[in-house]
1. Residues of the range 103-131 being open to solvent by 10 Å² or more (accessible area, probe 1.4 Å) and more than 23 Å from HIS226 (Cα to Cα), which ones?
2. Find the strands (runs of 3 or more DSSP E) located wholly in the range 387-506 whose residues include 1 or more that are aromatic (Phe, Trp, Tyr) and over 19 Å from the mean Cα position of the chain (by Cα), and list them.
3. Condition first: farther than 19 Å from THR662 by Cβ and of a type in the set (D, E, K, R). Now tell me which residues in the range 798-842 satisfy that.
4. Hey, can you tell me all the residues within the range 356-372 that are assigned to a loop (DSSP other than H, G, I, E, B) and either open to solvent by less than 10 Å² (accessible area, probe 1.4 Å) or over 15 Å from LEU441 (Cβ atoms) (or both)?
5. Of the residues in the range 30-49, how many are open to solvent by less than 20 Å² (accessible area, probe 1.4 Å) and in a helix (DSSP H, G or I)?
6. If only one of SER375, SER417 is closer than 14 Å to PRO466 by Cα, without any contact (Cβ under 8 Å) to a residue 12 or more places away in the chain, of a type in the set (S, T, N, Q) and open to solvent by less than 40 Å² (accessible area, probe 1.4 Å), which one is it?
7. The conditions are (1) hydroxyl-bearing (Ser, Thr, Tyr); (2) buried (at least 19 other Cβ atoms within 10 Å of the Cβ); (3) without any contact (Cβ under 8 Å) to a residue 60 or more places away in the chain, and THR539 fails exactly one of them. Which is it?
8. Taking the conditions exactly as written (small (Gly, Ala, Ser) and modelled with pLDDT of 95 or more), does SER807 satisfy them or not?
Amino acid sequence: MNRIYCLIFAVCIAAPSWAQTQSPKEFLGYDLGDRFTPHHRVVAYFEHVAANNSNVQLEKYGESVERRPLMVAYISEQKHIDQIDRIREDNLIRTGIKDGTATTNVPITWLSYNVHGNEAVSSEAAMMTLFALVDPSESENKEWLKNNLVIIDPCLNPDGQERYVNWYNQKVNDILQPDPQSIEHREPWPGGRPNHYLFDLNRDWAWQTQQESQLRAQLYQSWMPHVHLDFHEQGLNEPYYFAPAAEPLHRQLSEYQHEFQEIFGRNTAKYFDENDLFYFTKERFDLLYPSYGDTYPMYNGAIGMTIEQGGSGRAGLGILNAEGDTVTLTDRIIHHHTTALSAIEVAAAEGDRLVEAFERYFSENRENPRGKYKSFVIKEDNDPAKINKLLELLDKNGIRYGLSGTSRSLQGYNYLSGKSERFELGESDLVINAYQPRSVLAQVLFEPEPILNDSITYDITTWALPYAYNLKAFALETRLNAGAAYEPQAFEENAPDPSTLAYLAPWKGMDHAAFLASLLREGIRVRSANFPFAFGDDTYPAGTLIITRGGNQFVKDFHQKVTDLANAFEVKLAKTQTAYVDSGKDFGSSDVRHIKAPKVALIGGNGTSSLNFGEIWHFLEQGLRYPVSILEKDYLGSADLNKYDVIFLPTTYGGAWEDSLTGKLLEWVKQGGRLIAYENALNMLADQGGLSLTAYLDEEDNEFANQLKKEAEENQLTIPYQERERDAISDYIGGAVVEVEMDVTHPLAFGLGDKFYSLKNNNNRFALLKNGVNVGHIPSADRHRAGFIGYRFKPQLERSLVFGVESLGRGQVVYFADNPMFRSFWESGKLLVANALFLVGQ
């Protein structure tokens, strides 16, 4: 048995006392692996170790949504801890983020645990690793700390971890029960994997839509470590994974990033081999999508690595795998701990090269960016609300930008048309170029189309920000410097005016939707124009909010309340003293609709996607600050749906949805309800209850699809077995962007413009509605803009529905064949959802 494994065994089982520092067993009262540790006890153990070791410092960097502490521990040799601020600043100097001269040369190794709450082995392993690093009997560990500053985040997702641990500790048998059918191995919906709002935090590193991600990113960017390990669990029958990563590997990765993964992989394999442990490398976990715990550090100059232990939340304290072996929590802890020590060892051994390569990564990319596109232009005539949302994201990621400051003709790739063409640069156009410290991250987030050297990837295949924000933008193959600093315009506050008959608010973005939600919560009546109108030369598009004095006489301090709320959301109001328009519809017209404050419900529970559920829940509560009732599917049959005006139905899966529930929802629609259905939920509405939703409009379309299916099936008969997975992706969409034609005359499209760029992430196909309104559709397959679409599926995009509305009785069904606000970073789709909630059917 090798030295590292002997050490681990001693820490886990024998657990002797070292001076005043207690081992995890002594502190907790049980051996690591005997049970799962609640989050507050994990925190308490870290506090205990820090209190008894001067070379350990704790930093609380925030709280989770449920107000649990988020924290990291810094562990190193005492002299490094004594100058920890200097080490941090020197590292930022190496990146170019700060000016100055670095005087220290200490590699920084960051270990992140439990980003997925029910992969709870991670927090247990974090405690073992912390103790091993302060154990005075382990002289080799101390040697590693002489050339290493280790940062441990024991739990990135405390709300998910606590959800899982509380449930598991209630269900676990007193006698170990590895039977996979036993209740402790059958975690209920939604599981402990996501955070409070059921977001997968390991897909949120770049987008930072969640509180935990935002706080962590601030701390991470203040350090910019050299090595980052992200600890996970995977399927029960997959033993263990560590780097090197699988293809596709993004072309922006440096040679040393590849080399270090190889060195680390071989070092870790040595310890696993000596103890006859199974593992795999270079499979499944690629380095492409930029918002993972391995890729985000990679695109920020670090060596980012995903680590996966077989087991997951299903494994509990122990479970039988396919080979009949019991996979125990104790073993899983030891495996993660072995990998952590291996990373610390390699970082210390490679210290000088690691720091030098890190500094070179930034200097080379600042001076000579590797990507095809060197500069990105966001046109000034985009809606300011959209630009402001983009700038919020750039600021979160430390990406620099400025104004053009000049006018001239340039050649660039037009994101919206998908073609290279001439355009006129304006003085107030926004410029982001790659000649900056975060060069690689900027290039990756803006690249129109990632180059795939392998189409089998773990996630979506495009994420270009101009599509996500629906912005007119160009990518340039040449350097374009900003000629002037960007100075945000100070908001000029609205003043109450008692002579005003109506205040007019724009309807173009989420700030406007949140303003409307706040008005409705205050009981203020609001109207929306179904047609454009004008007062003299001042024109107002369809969707404009009209807040009239008439009808709001009962609102105390009406003018003050309206303007105060508008100022809170920085919404500039126009004013009018007459309802008589010069063109369009007067305010008393039936085409100027009163917006009833809807009572909203959201369906969740078994059979619905917890991730899509979470996106909607977070949108309503945090985006709009609008109340919502949560209805679980299991008691939907007995629920009184007449209490609600709008029901959101997230994407569904499997056969867990009963036909009787579909029938009940449709009966509620007939009585005047509005059902907003997402993605796979449309499959259970197709050809149902008088709806015209169907996969194919006529026999010709259906015959074409059947022919493609037949060809695929015949191909499968002779294709080599090991090539079948690759062939199957010909029917697959890997998160691709398609251009959608929008009917701007319909309330579902108000404020969006005539083109929407949808992230298509499923291979559902629906025909144009015969009896409804095809608000958003794909007229032809050439509307594909970016990302991977299999060649057999692509022709089926032609004349397909993306967004639609269909009347049923007195109500409506809103169809979202694509998720319009995927992972909450697809910003342009949020207004579409607000339209469905507030404007459709009024």
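The values are calculated or read from the model by the stated rules, or taken from the named source; none is laboratory data. Worth saying up front: this structure is predicted, and the values here are computed from it rather than measured. No Cβ is skipped: glycine too gets one built from the backbone with ideal geometry, and neighbour counts run over all protein chains shown. Keep in mind that these areas ignore ligands, DNA and RNA; they rest on the heavy atoms of the full protein, side chains included. Shrake-Rupley method; radii C 1.70, N 1.55, O 1.52, S 1.80 Å.
1. Residue satisfying the conditions is ASN118 alone.
2. Those strands (runs of 3 or more DSSP E) span 408-414, 419-425, 473-476, 502-505.
3. Passing the criteria: GLU798, ARG799, ASP818, ARG823, GLU827, LYS830.
4. If the condition is that a residue be assigned to a loop (DSSP other than H, G, I, E, B) and either open to solvent by less than 10 Å² (accessible area, probe 1.4 Å) or over 15 Å from LEU441 (Cβ atoms) (or both), then ASN368, PRO369, LYS372 are the ones that fit.
5. Counting residues in the range 30-49 that are open to solvent by less than 20 Å² (accessible area, probe 1.4 Å) and in a helix (DSSP H, G or I) gives 6.
6. SER417
7. If we test THR539 against (1) hydroxyl-bearing (Ser, Thr, Tyr); (2) buried (at least 19 other Cβ atoms within 10 Å of the Cβ); (3) without any contact (Cβ under 8 Å) to a residue 60 or more places away in the chain, just (2) comes out false.
8. Judged against the criteria, SER807 is a match.
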